[in-house]
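Have a look at the structure below before the remarks.
The values are calculated or read from the model by the stated rules, or taken from the named source; none is laboratory data. Please read all numbers here as calculations on a predicted model, not as lab measurements. Positions of Cβ are generated from backbone atoms using ideal geometry, with glycine treated the same way; all protein chains shown enter the neighbour counts.
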């Protein structure tokens with residue numbers, strides 16, 4: 001189970017790191033993904049495989065290209081940090097995962 005606290009303060013639960021990457025496009029990853037943990041308290045951060053790009057094509061007009069990223073573990077598992085992270089959430093999605101998340 002992967003838990004993400006996103007910019008709207010909603011804790012979203014995913015089945016895998018890959019599911020998070022599929023759901024949150026690279027253009028939004030750094031802004032949307034505030035914190036990412038697994039159920040053991042392992043924290044994950046964005047690692048860029050290919051950074052987002054921005055090219056000026058005419059004056060103030062820019063074309064933005066979506067990069068590629070993955071989520072990689074950082075540090076040691078920290079259950080206290082995970083619990084603090086859960087408390088910050090305004091809501092949990094999907095709602096069906098709330099009981100399991102609260103038991104962590």
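Descriptive notes on the structure:
- Test result for residue 11, closer than 18 Å to residue 83 by Cα and touching a residue at least 12 places away in the same chain (Cβ under 8 Å): yes
- Filter result (surrounded by 13 or more Cβ atoms within 10 Å (Cβ to Cβ) and part of a helix (DSSP H, G or I)) within the range 85-96: 85, 86
- Those strands (runs of 3 or more DSSP E) lying entirely in the range 3-78 with at least 2 residues surrounded by fewer than 17 Cβ atoms within 10 Å (Cβ to Cβ), modelled with pLDDT of 90 or more and under 16 Å from the mean Cα position of the chain (by Cα): 43-50, 68-74
- Residue check, residue 82 in a helix (DSSP H, G or I), in contact (Cβ under 8 Å) with a residue 40 or more places away in the chain and either touching a strand residue (DSSP E or B) at 6+ places or on another chain (Cβ under 9 Å) or within 19 Å of residue 7 (Cβ to Cβ) (or both): yes
- Only one of the numbered conditions (1) more than 19 Å from residue 6 (Cβ to Cβ); (2) out of contact with any helix residue (DSSP H, G or I) (no Cβ under 9 Å at 6 or more places or on another chain) is not met by residue 100, and that is (1).
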